[in-house]
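None of the figures in this text is laboratory data; all of them are computed from the coordinates on show. Source: prediction; values computed, not measured. Because the Cβ atoms are built from the backbone with ideal geometry, glycine has one as well, and the counts that use them run over all protein chains shown.
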Amino acid sequence: MSPYLSVVIPIFNEEANITTLWKRVSTVLREHFSEPGRDWEVIFTDDGSRDRSLEMLTEIAETEPRVSVVEFNRNYGQHSAIFGAFALVSGQVIVTMDADLQNPPEEIPKLVAKIDEGFDVVGGWRQGRNQNDSLFRTLPSKIVNAVTRKTTGVKLHDYGCMLRAYRREIVEAMLLCKERSSFIPALANSFAKRITEVPVGHAERAAGTSKYGLWKLINLQFDLLTSFSLLPLQMLSVLGVVVSFLGIGFGIYLMIYRILHPEGTVQGVFTLFAILFIFVGAQFLAFGLLGEYIGRIYQEVRDRPRYVVKKIHKVL
């Protein structure tokens, strides 16, 4: 019999957290999802860990038949790891969460209750994050949230929280999407009719270090800009028109100024250079953005898989 709830947890070098993580997750699931028709499963994805994470996960799977472990051949990133688990889920409701215990597993029943009310997607809205995370973490998150709200048209407070619940139909629809760069919370909104969010707790990382450095945050921002909207290209067109009119206007101004003040043209050379550098900088920005789109098209045309599964560990 298929379970009602599937919990998906990507793992990358989290040996310091796995024991506590499994203890808390299993306790919550056994307390709240043990009655007939409300059974559960947990699918861990080992995303190329180089510590003892995989060994610890397989030990859990050997003792608990409701646990599966998807082993990747190398590290592909958090969202690919989640997709790897999505391909195996059996539940009618799928909950995703991080392994760092910053979002408590005890909040899972709250998300599932909202799904039971008829919502298709339920996001977690992290409370108290400003007290637990540095400005380096919160500021990029605010930018990502603002961009995602603009590109998707769905006004949620927190797109960065991976403690989220989805109906099975939404997950199946996402699995049909083959693009390599996928930001799951935004992608899910493309297929969901009823979307909401609930406040969830937020704590300091239990152990280990964050896997999201500055470069990954920048790359995530580019994923959002180029995968879900043509707005950047449209803005470049608008910028081009504005710059053209400014250039024409400035040319007319210089011509009139030279006629009226022929002796003052030399003094305006440095001003002209400054304005020229601004325009050249805008052009390089435009070239970079266009290159980002073209590069992603190149990645899609190669049609390489999102991930490669080395082995699935499961007690049969």
**Study point:** For the range 195-200, 3J(HN,Hα) per residue [Karplus equation, 6.51 cos²θ - 1.76 cosθ + 1.60, θ = phi - 60°, Hz, x = Gly/Pro]
**Key:** 10, 8, 9, 10, x, 10
Point to revise | Fully extended contour minus Cα-Cα distance, from residue 59 to residue 308, at 0.36 nm per residue | key: 87.4 nm
**Study point:** Karplus (6.51, -1.76, 1.60) ³J(HN,Hα), θ = phi - 60°, over the range 13-21, in Hz, Gly and Pro reported as x
**Key:** 6, 10, 4, 6, 10, 4, 4, 5, 4
Exercise for review: Quick one: which residues, 5+ away or cross-chain, put their amide H under 5 Å from the amide H of residue 311? H built at 1.01 Å from N.
Suggested key: 71
Practice item. Name the residues whose placed amide hydrogens come within less than 5 Å of the amide hydrogen of residue 42, ignoring near sequence neighbours (fewer than 5 apart) on the same chain. Key: 7, 67, 68
Check your understanding: From the cross-link list 23/311; 114/178; 193/314; 23/193, which pairs have alpha carbons spaced over 27 Å apart?
Key -> 114/178; 193/314; 23/193
Exercise for review: Quick one: which residues, 5+ away or cross-chain, put their amide H under 5 Å from the amide H of residue 163? H built at 1.01 Å from N.
Suggested key: 98, 124
Review point. What ranking do 22, 125 get, fewest neighbouring Cβ atoms within 10 angstrom at the top?
Key: 125, 22
Check your understanding: How do 177, 161 line up, fewest other C-beta atoms within 10 Å first?
Key -> 177, 161
Point to revise | Theoretical gain in end-to-end length, residue 30 to residue 204 [0.36 nm per residue, Cα-Cα removed] | key: 60.1 nm
Check your understanding: For the range 34-121, what class follows from the C-alpha gyration tensor (a ≥ b ≥ c being the square roots of its eigenvalues): rounded when a/c is under 1.5, otherwise prolate if a/b is larger than b/c, else oblate?
Key -> prolate
Review point. Whole-Hz Karplus ³J(HN,Hα) for the range 39-55, in order, using 6.51 cos²θ - 1.76 cosθ + 1.60 and θ = phi - 60°, x for Gly and Pro?
Key: 6, 9, 8, 10, 10, 8, 10, 7, 8, x, 4, 10, 9, 8, 4, 4, 4
